[in-house]
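A.B. asks: For reference, the structure I am asking about is given below.
Coordinate-derived values only; no laboratory data. Every value quoted in this text rests on a predicted model; they were computed, and no experiment measured them. Ideal geometry is used to build each Cβ from the backbone, glycine not excepted, and the neighbour counts take in all protein chains shown.
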Amino acid sequence: MIMRNPSVPDSSDHFRKRIFRLDVIAWAVLGVLAALAVLAAQDIASGAERTFMVWLHGFSAAWVDDVALTASFVGNVPFMMVMGLAIGLFLAYRRRLDEAVRAAAAVVLAVLTTSALKALIMRPRPDLWPQLANETNWSFPSGHATGSAAVAIALAVLAWNSRYRWPVVIAGAVFTVVVSWSRLYLGVHYPTDIIGGWCVAFLWAYYMWRRNYVRQHPKK
């Protein structure tokens, strides 16, 4: 009879502990999103947020305006959805169909969720200075923050077990931060809009990853 070393957890123990830890994080992120939605709907924190945005806009200059407008254009929602679908098509071409579906679905569903939350919460856009970017829809959560984060997370998950892990993670993080910063600098979103968008992107990416992980590690 072969005895298992009790000091080394078996694969099922490791699986359960890993899923539990990540589930706790996901529920915490969902709680943050819910709290931000309440703040946005009631317009509770906008005073402090406006103070921060005015401070940030104090660094304005013509060349900074150009950088912000370019980042905002590159990170726009339609382009991020196209990026998500392009990632899916590339993976399908490489015969990685499961990953193709998960990556594309995570991006598209995150963006659609953001659109639904905008319509539900109906938070007005900030109106602090003459706008360089013309926005006509609601503010919470930020579609740019959601889309850029969803694409970045999808690429990071796909590259996680390759030698390109950290370059992809760092590039995605920088891209997401720059796009999100541009929305604050241009005065078209509150900070809570940005964080809310990040939360939506994370939750959909985690849901897609978790489904696949559980399927690959059935309970014993």
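A.B. asks: Could you give the length gained on full extension between R21 and W160, defined as 0.36 nm per residue of separation minus the Cα-Cα distance, in nm?
C.D. replies: 48.2 nm
A.B. asks: Within segment 12-51, find all residues whose amide N lies under 13 Å from a label point positioned 7 Å from the Cα of Y207 along Cα-to-beta-carbon.
C.D. replies: Inside the label zone: 27, 30.
A.B. asks: Taking chymotrypsin sites (Phe, Trp or Tyr not before Pro) that fall in a DSSP loop and have at most 16 other Cβ atoms within 10 Å as cut points, what is the longest piece of the chain between them?
C.D. replies: 60-159
A.B. asks: Further question on the same structure: Between 0 and 90 degrees, rounded to the nearest ten: what's the tilt of helix 165-185 against the longest Cα principal axis of the chain?
C.D. replies: 20 degrees
A.B. asks: Here's something else I'd like to know. Are there trypsin sites (Lys or Arg not before Pro) in segment 48-103 that DSSP marks as loop and that have at most 10 other Cβ atoms within 10 Å, and which are they?
C.D. replies: Filter output for segment 48-103: R94, R95.
A.B. asks: Distance between Cα centroids, segment 60-77 to segment 94-112: provide it in whole Å.
C.D. replies: Computed from Cα coordinates, the inter-centre distance equals 28 Å.
A.B. asks: Sum -39500 (n - 2.57) across every DSSP H segment of at least 4 residues in the chain, then divide by the residue count to get the 222 nm mean residue ellipticity, nearest 500.
C.D. replies: -25500 deg cm²/dmol
A.B. asks: Still on this structure, I have one more. Below 8 Å between Cα atoms, with a sequence gap of 6+, how large is the relative contact order for the chain in percent?
C.D. replies: 29 percent
A.B. asks: Could you give the length gained on full extension between F59 and N76, defined as 0.36 nm per residue of separation minus the Cα-Cα distance, in nm?
C.D. replies: Result: 3.8 nm gained on full extension.
A.B. asks: Considering just Cα atoms, how many Å³ per residue does the convex hull of segment 57-143 enclose?
C.D. replies: Convex hull volume per residue, Cα atoms: 105 Å³.
A.B. asks: Roughly how tilted is helix 46-57, in degrees to the nearest 10 and between 0 and 90, from the longest Cα axis of the chain?
C.D. replies: 80 degrees
A.B. asks: Just the number, please: Stokes-Einstein D of the chain in µm²/s, Kirkwood Rh from C-alpha pairs, 10 °C, 1.306 mPa s.
C.D. replies: 85 µm²/s
A.B. asks: Based on Cβ point charges of +1 for Lys and Arg and -1 for Asp and Glu, what charge dipole magnitude is obtained for the chain about its Cα centre, in debye rounded to the nearest 20?
C.D. replies: Roughly 1280 debye, rounded to the nearest 20.
A.B. asks: Cα gyration tensor of segment 15-60, axes a ≥ b ≥ c as square roots of the eigenvalues: rounded (a/c below 1.5), prolate (a/b > b/c) or oblate?
C.D. replies: Judged from the Cα gyration tensor, segment 15-60 comes out oblate (a/c at least 1.5, b/c at or above a/b).
A.B. asks: Here's something else I'd like to know. Answer with one residue from F140, A68, V111: the one whose Cα lies farthest towards the positive end of the charge dipole of the chain, charges on Cβ with Lys, Arg +1 and Asp, Glu -1.
C.D. replies: The one lying farthest along the dipole's positive direction is V111.
A.B. asks: Right, something else. With axes computed from alpha carbons, what is the tilt in degrees of helix 97-121 against the longest principal axis of the chain, rounded to the nearest 10 within 0 to 90?
C.D. replies: 40 degrees
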